[in-house]
Structures are given as C-alpha cells and as structure tokens.
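Read the structure below first, then the notes.
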Amino acid sequence: MQAIQLVKYSKKQPQISLNQVEPAAPKAGQVAIRVHCASLNPVDLKLTEGFPFALQKPPFTLGVDGSGIIEQIGQGEAELKVGDEVFFYTPFSETGSWAERLVIDAHCVAKKPKSLSLTESGAMSLVALTGFTAMQKLQIKPHDKILIHGVAGGVGLMAAQIAKAQGAYVIGTARRDQTAVLQNYSVDQVLDYREDNFTQLLNHIDGALDTVHDNGKTLQKTLSVMNRGGRVVSLSMPNLEDMVHLKAHLPAPLAWLIKLMNKKYFKQAQSLGVTLMPQATYPNRAQMQRLTTFIDQHGLKVPVQKSFSLNDYAVAISALKTNKAMGKLLFTLN
Ligand SMILES: NC(=O)c1ccc[n+]([C@@H]2O[C@H](COP(=O)([O-])OP(=O)(O)OC[C@H]3O[C@@H](n4cnc5c(N)ncnc54)[C@H](OP(=O)(O)O)[C@@H]3O)[C@@H](O)[C@H]2O)c1
C-alpha cells in the first residue's frame, strides 16, 4: 500500500516521501481501517521536526487523524464491526493516517456522527475533539462571554460553534477580512489580532480558549481580561498528564522544565481568581462518542479548503506551511 512517510527529521527540511509499505495486521485491541480521508494539522509539521522529541524511528507513516471503514478487527474488540464507518485520532508515537490503510488501537476509534459524511468526520476529528473538550472544561452557561483566540483556525471554528450551541456570546480573534465568513460559524464579534489590542476592548470574559503558540504572550493578556471565577483553556501550555495518553513520553529534564514554565502562568491565574487548564487532546473513544452525540444533536460544520491525493503530498504539506486561507486541508483516498 502507499503511505506518506517521514524519512529524516529536520526542523528546516524534513525528508518526506511516498513509499510502498507492507500492510500490517491488527493485533489484540487494534483495528485496521481503510482510510477514506486524512486531515493535515499543524502538529504534523511539528512531528516532522522531531517535536517534542523524535518519538518514532524513521521511516514511519505520518498523519494523526481521519476517517475510514473498518477492514479487520483484532482480538478483544467487541464494539466495532467490519464495515463500520469511523473517525479516529492517533497518539503522537503511533501516527499513520496519511496512507491507504491504518492499524490503530481500537480505543482511538469511534463510529462517525450520523449527521456528517465520512469526509466531514475525517476533516474534523482532531480539531472537533479539541474544541469540544476545551468547551466542556469552560462549563459554559447561556449568555457567557467566551473568547476564542485563533477562531478562524481548525480548532477555533469548532470551538465557536460548540460554545454558541450552549448559548454563549462568542468573541474571536482572527483577521478582520474573515469577519463575514466567521459569522456563519457562530462568531458574534471578531477582533483583528494584528490591529486590535483586545486587552483594551474586552473585560469580564467568562471563558477563553487560547490556541496561539506565542510563548505565553496571548495567554497572559487573556488572563487579564477574565472575570474572577473565569476559566481558561490553553493549548500552548503542555499538559504532562495528557501527554502520557498521547504516548509522548518526555525525558525527566524536559518534564521538569515544562512544569517550571507553566508555574508562572498558574500563579498569575491564581492571583486573578481564574482557573487555568492546559490541554493536550488525546485519543479517547468515550470522549469521541460524547462528541458524536453532541454533533448529531446540534450539528457542526467544517469548511474543507482543498483535497489532495497522496501523490500530491509535497504540494499539500507546502500548503499546510504557508496557506492563510480558511478551512481544512485533506488527503482523500477513495
Ligand atoms: N493542545 C492540543 O490539544 C491541540 C490540539 C489541536 C491543535 N493544537 C495546536 O493549536 C494551534 C491551532 O491549531 P489549528 O488546527 O486551529 O491551526 P490552524 O488551522 O492553522 O489555525 C491557526 C489560526 O490561528 C491564527 N492566528 C495566528 N496567530 C494568531 C494570533 N496571534 N492571534 C489570533 N489568531 C492567530 C491563524 O491566522 P492566520 O491565518 O492569519 O495566520 C489561523 O487562523 C496549533 O498550534 C496546533 O498545533 C493543539
């Protein structure tokens, strides 16, 4: 079968190629999936650079999420059947969705939402699970003011719709020219992250999601606009407990450094009476099933910007690096 593989880690120029590989059979607790589509995510680039450190020995197949049809079931898996239409998300050390077939631990797989196509389900796996988990942590009540940074991104668009379905007033940071489209994705108010100083324009925010990786700058400013009792989820602060579920086992000195770096943000949050929750979203079937129920009740839209074949991997990865347009990039296989 064909698979897009990392051949050599590099920050500047990772070597990636489309290789012919032998399909594996599922072991106990695993399933094999014929991939229908696989999404491209910023974490794919980080993994090719060796982030958080080289977790797998090259060559290995890239891609962390997607959708497909169950082709084979390993021993001990009772819930899923051959032929089920599913969506999935892999641990960082067991990637492999950018391929015709994927063998994956069954607990990372769930039946897709009935209200979505297989392509929509695969396009939103990781970003919807991330947005949903974050919005649950914010414990949103009707009329809460929810601030979502990077609202035009994959995660932001999902989080905005999920917050709105719970009755929130949604404020997002993005580019001003994206305002009209964002209104179709449940964003009530858009602030331009390049021009507006949101700390001067906002206050009494009840819940916030920070998706921006800028060494804590956006996070620290966000804490300053929160209500006492407010809740903030940060995707940029590493969460060491979540990392274990992602099978991203960090060396002790790195874990120590992360704890030290996180400490100052927790201290600032505590002094302001704000609950700060770092999140590294991990694969978890029970949570994916809760997401599925939510989607089938409330609906969730995902814009797809462009689909590529596996052969076009170089163009697709280049688009992931440089493209500023909204919507998910996908590999579609069937
Ligand atoms: N911890 C977790 O569980 C988790 C899960 C999923 C993703 N992530 C991470 O979260 C980040 C977002 O993921 P994604 O899939 O949504 O990425 P994405 O689709 O690439 O979207 C990122 C968005 O953020 C915008 N942006 C850039 N700088 C900004 C700033 N200073 N203020 C506000 N918006 C800004 C970008 O706008 P422009 O187009 O103008 O650049 C873009 O719309 C990535 O770093 C990803 O790796 C973490």
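Taking every DSSP helix (H) stretch of at least 4 residues in the chain, weighting each as -39,500 (n - 2.57) and dividing the sum by the residue count yields a mean residue ellipticity at 222 nm of -9500 deg cm²/dmol.
The amide H of Glu77, built 1.01 Å from its N in the peptide plane, has Gly29 as neighbours under 5 Å, considering only residues 5 or more places off or on other chains. In the context of the full set of protein chains, residues of the chain present 45 Å² of accessible surface per residue (probe radius 1.4 Å, heavy atoms only). When only the Cβ of Lys, Arg, Asp and Glu is charged (+1, +1, -1, -1), the dipole of the chain relative to its Cα centre reaches about 760 debye.
Pair-distance distribution of the chain: all C-alpha pairs, bin width 10 Å, starting at 0; shares per bin in whole percent are 6, 26, 34, 25, 8, 1. When the Cα convex hull of segment 127-278 is projected onto planes of every orientation, the mean area is 8.6 nm².
Extent along the principal axes, Cα only, for segment 38-101: 36, 22, 17 Å, with the longest axis given first. Residue ranking by accessible heavy-atom surface, 1.4 Å probe, largest first, among Tyr169, Tyr193 comes out as Tyr193, Tyr169. For segment 1-134, the spread of Cα coordinates along the three principal axes comes to 41, 35, 21 Å, biggest extent given first. Dimensions of segment 90-189 from C-alpha coordinates, computed as largest minus smallest value along each principal axis and given longest first, are 42, 30, 28 Å.
If one computes the Cα centroid of segment 283-311 and of segment 202-238, what distance in Å separates the two points? Centre-to-centre distance over Cα atoms comes out at 25 Å. Take the Cβ atoms of Gln297 and Val244, set R0 to 45 Å, and the FRET efficiency comes out at 0.90.
Taking every lysine pair in segment 177-330 that is 8 or more places apart or spans two chains, those with Cα atoms closer than 19 Å amount to 13.
The values are calculated or read from the model by the stated rules, or taken from the named source; none is laboratory data. Remember, predicted model here, so these are calculated numbers, not experimental data. Here the Cβ is made from the backbone with ideal geometry for all residues, glycine too, and neighbour counts use every protein chain on show. Note: accessible area is taken over every heavy atom of the protein model, side chains too, but ligands, DNA and RNA are not part of it. Shrake-Rupley method; radii C 1.70, N 1.55, O 1.52, S 1.80 Å.
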